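What follows is calculated from the coordinates using simple rules that are stated; it is not laboratory data. Every value quoted in this text rests on a predicted model; they were computed, and no experiment measured them. All Cβ positions, glycine included, derive from the backbone under ideal geometry; neighbour counts span all protein chains shown.
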Amino acid sequence: MTTRANPFSLMNTIVMTGGTSGLGEVAARRFIQTANTRLLLGTRGRGPPGAETLPLDLMRLENVRTFASAADRELGSAQINALVLNAGLLFPNDDTRSADGFEAAFAVNHLAHYLLLRLLLPRLAQGATVILTTSGTHDPAEKTIIGFIIAPPLHADARFLAHPERDPNRDPHPSIAGGRTYSSSKLGVGEQRSSYGTRSITALMESSRIWKVSCLKECVRP
Ligand SMILES: NC(=O)c1ccc[n+]([C@@H]2O[C@H](COP(=O)([O-])OP(=O)(O)OC[C@H]3O[C@@H](n4cnc5c(N)ncnc54)[C@H](OP(=O)(O)O)[C@@H]3O)[C@@H](O)[C@H]2O)c1
């Protein structure tokens with residue numbers, strides 16, 4: 001009996017979120033055009049032609065777990081060479097809540113990606129690249145144009161980022177509070193990088209200031 005070779009076994013495998021629009025879509029199209037590269041995209045809708053897609057709603061942590069299991073099955077024996085965690089949202093205030101009851105920007109931009117990284121960690125190839133798209137808005141020192149519009153973080157306390165209504169320093173202006181939730185949601189990149197640095201993960205696009213996120217692991221357990 002002959003065994004059919006897995007056509008993906010010698011390919012570079014990229015798993016990605018946020019590849020359906022904006023800069024992520026541009027990147028996804030480039031990945032698809034790159035020789036010897038397989039792209040597996042988590043999305044709520046359709047991906048660009050040539051991408052394999054699996055349903056993923058980062059607003060629901062249970063769905064993140066379902067996606068990770070499906071990706072695990074879909075990948076077979078292939079390891080992940082690059083994990084691109086690019087999906088991101090900005091809300092006009094801090095009133096929206098995820099399915100799990102957490103502030104939505106923090107839930108999608110940060111918690112869901114943190115969980116996904118933890119779940120897929122065993123699938124990463126040695127020396128794999130993990131890209132977490134952050135934003136200059138979290139660091140007022142960067143003085144980006146958008147940084148003047150979106151308020152910088154006041155702290156990185158995950159208990160208050162997950163539940164802004166409990167934050168004694170919550171900004172009374174909805175748009176400022178919404179901006180802070182977005183910029184704060186981008187803070188944990190440094191935390192994730194430092195936590196997994198020993199696994200040969202390279203985090204790109206991170207900004208320079210690293211704040212300690214105090215109780216991340218209490219919000220999300222893999
Ligand atoms: N645009 C900027 O000026 C700017 C500046 C600094 C940093 N960034 C960061 O760069 C990244 C991309 O920004 P962009 O403006 O290019 O994005 P975008 O065009 O608004 O696209 C957002 C992406 O996130 C995905 N997404 C949103 N909510 C999701 C959910 N609940 N579950 C799964 N996927 C979800 C969307 O996928 P589906 O809707 O198809 O599921 C889409 O592919 C974000 O992390 C953003 O914070 C952007």
- Message: Just to verify a result, which residue in the range 40-54, among those that are near the ligand (Cβ under 9 Å from one of its atoms) and over 18 Å from T129 (Cβ atoms), is nearest to the chain's Cα centre (by Cα)?
- Response: T43
- The residue that is nearest to the ligand (Cβ to nearest atom), considering only those in the range 80-120 that are closer than 14 Å to L56 by Cβ and either assigned to a strand (DSSP E or B) or among the basic types (K, R) (or both), is L85
- Query: Between residues in the range 11-26 that are more than 14 Å from G42 (Cβ to Cβ) and of a type outside the set (V, I, T) and residues that are near the ligand (Cβ under 6 Å from one of its atoms) and assigned to a loop (DSSP other than H, G, I, E, B), which pairs lie under 9 Å by C-beta distance while being six or more apart or on different chains?
  - Reply: G22/N86; G22/G88; L23/N86; L23/T133
- Note on the structure: Note on G22: of the conditions (1) more than 25 Å from P122 (Cβ to Cβ); (2) touching an Asp or Glu at 6+ places or on another chain (Cβ under 9 Å), unmet is (2)
- Message: I'd like to know if the range 70-82 contains one or more residues that are free of Cβ contacts under 8 Å to residues at least 24 places away in the same chain and of a type outside the set (V, I, T).
- Response: yes
- Considering only residues of the range 47-79 that are outside any helix (DSSP H, G or I) and among the hydrophobic types (A, V, I, L, M, F, W, C), which is farthest from T37 (Cα to Cα)? M59
